[in-house]
Amino acid sequence: MQLVDDRARARIAALEPTADARRAAERLLQELVPLDDERRAEAEVWLAFTGRALVDPRQRAIYRRSMTSSTAPAPARSACCTTRG
């Protein structure tokens, strides 16, 4: 899970800044949506670990750290992506 998080962060950090909010959102989503084999595999891992975080306290701690990190992309920190408990 940490590796997937690190890889997504690195891709997002490498994006060139833009003043166009719509273009910025599109570029961010292109890095997060599974549009190729690499991101598809990352999404599968992320979803598996997210499901595991619901029942495993150790995984939940890793998940919460990645979701609340000050460097996490804003969509990743949204309330819809948190777990209970």
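The values are calculated or read from the model by the stated rules, or taken from the named source; none is laboratory data. Predicted, not measured: the structure shown is a model, and the values here were computed from it. In this analysis, Cβ positions are derived from the backbone assuming ideal geometry, glycine residues included, and neighbour counts consider all displayed protein chains.
Values for this structure:
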| read-out | value |
| --- | --- |
| So LEU3, is it under 23 Å from ARG65 (Cβ atoms), surrounded by 12 or more Cβ atoms within 10 Å (Cβ to Cβ) and of a type in the set (A, V, I, L, M) | no |
| Filter result (under 16 Å from MET67 (Cα atoms) and charged (D, E, K, R)) within the stretch 8-41 | ARG9 |
| Pair list, Cβ under 6 Å, 6 or more apart: the stretch 26-43 residue more than 16 Å from ALA14 (Cβ to Cβ) and among the hydrophobic types (A, V, I, L, M, F, W, C), other residue at pLDDT 90 or above and part of a loop (DSSP other than H, G, I, E, B) | ALA43/PRO34 |
